[in-house]
1. For the stretch 158-184, enumerate the residues that are assigned to a loop (DSSP other than H, G, I, E, B) and within 16 Å of the ligand (Cβ to nearest atom).
2. Please identify the pairs in which a residue from the stretch 290-303 that is closer than 14 Å to residue 395 by Cα has its Cβ atom under 8 Å from the Cβ atom of a residue that is more than 11 Å from the ligand (Cβ to nearest atom) and small (Gly, Ala, Ser), counting only partners at least 6 apart or on another chain.
3. Has the stretch 145-152 got at least one residue that is under 26 Å from residue 238 (Cβ atoms) and within 16 Å of the ligand (Cβ to nearest atom)?
4. What residue, among those in the stretch 185-214 that are buried (at least 21 other Cβ atoms within 10 Å of the Cβ) and either assigned to a strand (DSSP E or B) or within 16 Å of the ligand (Cβ to nearest atom) (or both), is farthest from the chain's Cα centre (by Cα)?
5. For the stretch 251-272, name all the residues that are closer than 16 Å to residue 212 by Cβ and among the polar types (S, T, N, Q).
6. Tally the residues that are in a strand (DSSP E or B), under 10 Å from the mean Cα position of the chain (by Cα) and more than 11 Å from the ligand (Cβ to nearest atom), restricting the search to the stretch 275-297.
7. Report every pair of residues separated by at least 6 positions or lying on different chains whose Cβ atoms are under 9 Å apart, first residue within the stretch 383-399 and modelled with pLDDT under 95 and near the ligand (Cβ under 9 Å from one of its atoms), second outside any strand (DSSP E or B) and among the aromatic types (Phe, Trp, Tyr).
8. Based on this model, can you work out whether residue 164 counts as surrounded by 13 or more Cβ atoms within 10 Å (Cβ to Cβ) and closer than 19 Å to residue 257 by Cα?
Amino acid sequence: MSDQPSDETVDVYRENFKYFKTLSKSPTSLLGVNNHNGKETINLCNGDVNDVKWSTDILLPYPNNDQPPVTNQEDSLLRREISYNSQCKCYGMWGLRSPKEWQVAELTFPKGLIVIKNPFTPIGQRYWISRTLLDFPHHVDYITNMDNLNRLHKIKEGKPVNKLADFKLDVCDRNFYSKLRWVTFGYHHDWNTKVYSEERRSKFPEDLADMVGYISQILGFSNFKAEAAIANYYHMDSTLSGHVDRSEVNQGAPLFSLSYGQSAIFLIGGKTKNERPQPVLLQSGDIAIMSGESRLSYHGVPKILPASSETWNMNDVTYPKPESPDRQDSHKRIKLYDACNTVTVDSTSPLSPYEHDCEHFKTTINDQSVLCRLQNMKWTPFLQNYISKSRINLNIRQVLFPGQISLVSEFE
Ligand SMILES: O=C(O)CCC(=O)C(=O)O
């Protein structure tokens with residue numbers, strides 16, 4: 001019998017993971033290179049910004065310039081059409097640019113992997129970096145990797161850990177941020193059992209749920225509901241090994257993955273480990289969406305790369321000027337600035353990018369703190385220092401089927 005493993009047992013994913021993890025070439029030589037299909041650039045812009053051409057910053061080259069195992073090389077990256085209401089200005093609410101400027105691509109392998117190249121304004125990136133560093137890890141109902149360690153210690157000592165209060169640590173560790181690896185919220189991911197439970201569930205932040213809801217509508221996933229999230233914190237030498245996210249009851253719903261700070265090689269393959277993965281470059285502000293077949297694909301992060309530019313620090317860290325009125329029913333608009341005492345919008349003033357009348361996102365509209373925070377964003381040396389050496393990933397999932405209100409309940 002041959003010593004060679006059969007094709008079925010070769011872990012192609014792992015071989016490629018190792019290759020990218022130990023890459024010795026200057027990482028910058030990978031940037032801006034697309035040798036998959038000989039095409040330098042394609043136009044992926046959906047709006048009327050026709051001159052924008054890119055594509056080179058999504059697919060990274062393979063080892064030794066080999067070709068990926070896709071049958072149709074020509075179509076390895078396609079433009080993904082989106083649909084949005086140009087009257088609706090709510091994107092500004094969450095620090096997004098107008099969808100007409102978004103550059104949206106879909107890979108043909110694995111099918112259904114969508115990448116939106118940084119749709120955020122610099123202030124938008126700063127907002128979410130600040131949320132993930134200053135708020136989420138300190139929320140009383142959210143769980144960090146340090147809390148989880150404490151939980152495991154208590155279990156060892158035979159102490160009860162049924163409630164969060166039994167194991168949640170007080171944050172008083174001066175090395176907190178160097179130890180921080182993850183935070184879970186909504187349904188808490190259980191790293192040991194991989195099973196969600198109603199007992200381990202916190203309220204999902206409305207600003208994040210609404211923003212992802214808005215993006216999902218634009219992509220045509222109208223029923224998406226953010227119910228669980230993991231914030232992952234990467235140092236320059238961190239990796240995340242290949243895995244498939246199967247904990248969710250509803251594995252058909254897309255998964256949204258937001259990246260901030262330093263760049264990552266995101267290695268995503270097929271349903272088995274013997275399909276050769278695609279190396280995808282995720283840069284600050286990029287949103288990857290695992291939908292369709294790619295939702296259950298092996299994926300991981302073998303390498304963090306220095307960001308080629310600090311897009312969260314670009315000069316346009318200012319608020320867009322109010323646009324001219326384009327609706328007759330402006331009197332119905334909601335006043336968004338009042339609580340901040342900075343700008344008060346009366347019913348006849350021009351439509352501001354922060355105003356909209358989309359019923360759907362009322363929670364964010366009524367949450368004045370989102371807007372106040374965006375407007376009064378304090379970009380501290382701590383935030384700048386942290387993000388110049390780290391990558392943050394916000395991984396957002398739907399857990400339940402539409403109409404299901406809990407893991408134990410019947411459908412509504
Ligand atoms: O950091 C990333 O881009 C991926 C994170 C991930 O795969 C996960 O949290 O399951």
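1. Once the filter is applied, which keeps residues that are assigned to a loop (DSSP other than H, G, I, E, B) and within 16 Å of the ligand (Cβ to nearest atom), the stretch 158-184 yields 180, 181.
2. Note: pairs meeting the criteria are 290/112; 291/112; 295/112; 295/252; 295/253; 299/269.
3. Yes, the conditions are met somewhere in the stretch 145-152.
4. Ranking the qualifying residues of the stretch 185-214, first place goes to 196.
5. 257, 259, listed by residue number.
6. Of the residues in that region, 1 qualify.
7. none
8. No, not satisfied.
The values are calculated or read from the model by the stated rules, or taken from the named source; none is laboratory data. Since the structure is predicted, the reported quantities are computational estimates derived from the model, not experimental observations. Virtual Cβ from ideal backbone geometry, glycine too; neighbours counted across all protein chains shown.
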